[in-house]
1. Which condition does V22 not pass, out of (1) aliphatic (A, V, I, L, M); (2) modelled with pLDDT of 90 or more; (3) more than 18 Å from S5 (Cα to Cα), if it passes all the others?
2. Of all strands (runs of 3 or more DSSP E) completely enclosed by the range 39-87, which ones contain at least 3 residues that are exposed (fewer than 15 other Cβ atoms within 10 Å of the Cβ)?
3. Can you name every residue in the range 22-36 that is assigned to a strand (DSSP E or B) and closer than 12 Å to L12 by Cα?
4. From L64, L12, L52, L46, grab the single residue that is at negative phi and within 11 Å of the chain's Cα centre (by Cα).
5. Given the structure, is W32 touching a Gly at 6+ places or on another chain (Cβ under 9 Å) and within 20 Å of L21 (Cα to Cα)?
6. Restricting to the range 1-16, count the residues that are assigned to a loop (DSSP other than H, G, I, E, B), among the small types (G, A, S) and more than 19 Å from R81 (Cα to Cα).
7. Identify the residue in the range 3-25 that is of a type in the set (S, T, Y) and exposed (fewer than 14 other Cβ atoms within 10 Å of the Cβ) and, among all such residues, is nearest to Y73 (Cα to Cα).
Amino acid sequence: MLTGSLDGTARLWNAESGTELVRLVSFRDGVWVAAGPDGRFDTNDLEKIQGLHWVMRDDPLRPLPIEIFLRDYYEPRLLSRVMAASHCRRCGRSRV
């Protein structure tokens with residue numbers, strides 16, 4: 001299931017469990033980000049991500065630049081991987 005919001009975000013959900021699979025964020029300059037609930041993310045332009053920062057639960061008032069987390073959390077083609085994992089091609093049922 002896909003839901004959208006006026007703030008420019010959309011969320012892809014597992015309709016059976018109600019679990020959020022991935023959040024999509026679009027910026028005015030055409031840059032987009034797909035982010036999973038586990039922190040993994042993908043974008044169409046790593047060089048132009050200006051409005052995206054990482055916030056840690058234990059220090060929520062200090063946003064960190066996304067570049068710090070590229071090695072551990074950047075996952076190219078995240079959305080297509082989530083979609084492939086959530087749909088069983090053989091039986092047509094949701095796997096997530």
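1. Evaluating V22 over (1) aliphatic (A, V, I, L, M); (2) modelled with pLDDT of 90 or more; (3) more than 18 Å from S5 (Cα to Cα) leaves (3) as the failure.
2. Correct list: 53-56, 59-65.
3. V22, R23, L24, V25, A34, A35
4. The unique qualifying residue is L12.
5. Details: touching a Gly at 6+ places or on another chain (Cβ under 9 Å): no; within 20 Å of L21 (Cα to Cα): yes.
Criteria not met by W32.
6. Selection size over the range 1-16: 2.
7. Ranking the candidates gives T19 first.
The values are calculated or read from the model by the stated rules, or taken from the named source; none is laboratory data. This one's a predicted model, so the numbers in the text were calculated from it and none came from an experiment. With ideal geometry, Cβ positions are generated from the backbone for all residues, glycine too; neighbour counts draw on all protein chains shown.
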